[in-house]
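Please treat every number below as a calculation from the coordinates, not as lab data. Quick caveat, the model's predicted, so the values are computed rather than measured. We place every Cβ from the backbone using ideal geometry, glycine too, and count neighbours over all the protein chains shown.
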Amino acid sequence: MKNDDSLNKTIKIIEGFKLLTDSGAVSIDGGPLLTSWDIIDFNYITGDPDNEVVIFSWTDGDSEYSTVFTEGSFLNGAFDKSGNFCCEDSEGNPSTIRFFKLTPILTVYSQEIDHVPSSLNSVPINLNVFDELGNMVEGTTSKLTPLSKEQISDIIDHSSQLILTQRSGQKIGTVMAELEEALVVASVINKAPDVTSEKTKSKDKEKSKNKGYSM
């Protein structure tokens with residue numbers, strides 16, 4: 001019976017520990033929300049009610065405070081109707097521990113992902129303004145362009161691949177085209193004019209002229 005009683009006590013203390021490990025934050029005696037604390041390993045539970053097992057420390061900017069709890073604190077403590085764990089600290093003073101779960105605020109959008117503000121998915125970046133020849137346009141200020149994280153990642157990936165391909169002496173045409181496409185999709189640069197179409201139009205005009213002269 002004595003061994004069973006000792007085991008039950010150990011289980012109750014471990015249950016108190018589990019509350020701490022499962023909590024994202026706690027408050028002591030209605031104090032500030034604490035997200036870190038010093039706690040011993042489960043293996044150091046001895047069965048001694050005076051064995052100090054967890055220390056909470058905080059400051060209000062002027063003074064520092066700390067509260068120590070023992071195995072006895074968790075063994076003899078109990079929850080009240082408000083959800084406070086009521087017990088005694090290491091000095092025998094009545095104390096309350098409130099356990100909290102921290103949930104990321106963005107989870108409120110998880111069910112309606114289409115309603116996530118675009119500002120949460122994009123990063124505004126200052127970019128210089130260039131003409132079609134690659135010269136920076138004088139007298140213009142940099143434009144603020146919002147890019148999504150995926151677009152930024154895509155541009156950086158293709159830029160890195162381009163440099164490494166060029167260093168190795170390989171042809172960069174395909175990689176350059178992929179980088180250009182990523183920049184166009186992100187609205188960083190305009191789509192290049194259709195050179196083939198322009199050449200076709202030029203040839204058609206030339207043929208028309210030639211036909212005119214032959215007549």
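Close amide H contacts of Val129 (hydrogens built in the peptide plane, cut-off under 5 Å, sequence separation of 5 or more or a different chain): Val137, Lys143.
If each residue's Cβ is checked for other Cβ atoms within 10 Å, how do Ser153, Ser73, Ser23, Ser82 rank with the fewest at the top? Don't jump to the answer; show the numbers that get you there.
Values: Ser153 12, Ser73 24, Ser23 17, Ser82 8.
Placing the least packed residue first, the sequence is Ser82, Ser153, Ser23, Ser73.
Applying 1/(1 + (r/R0)^6) with r as the Cβ-Cβ distance of Val184 and Asn135 and R0 = 30 angstrom yields a FRET efficiency of 0.95.
Could you tally the net charge around Val175, taking each other residue with its Cβ under 15 Å from the Cβ of Val175, Lys/Arg +1 and Asp/Glu -1? All intermediate terms of the calculation are to be shown ahead of the outcome.
Working: positive: Arg167, Lys171; negative: Asp154, Asp157, Glu178, Glu180, Glu181.
After counting each charged neighbour, the total is -3.
Amide H contacts of Leu34: Val26, Ser27, each under 5 Å away and 5 or more positions distant or on a separate chain (H built 1.01 Å from N in the peptide plane; Pro and chain starts excluded).
By the count of other C-beta atoms within 10 Å, a proxy for reagent exposure, Val53, Val129 are ordered fewest to most as Val129, Val53. For the stretch 77-84, backbone phi angles converted through the Karplus equation (6.51, -1.76, 1.60; θ = phi - 60°) give residue-by-residue couplings of x, 7, 7, 8, 5, 8, x, 7 Hz, Gly and Pro being listed as x. Taking 20 °C and 1.002 mPa s as conditions, the stretch 2-100 diffuses translationally at an estimated 155 µm²/s according to Stokes-Einstein applied to its Kirkwood radius (Cα pairs).
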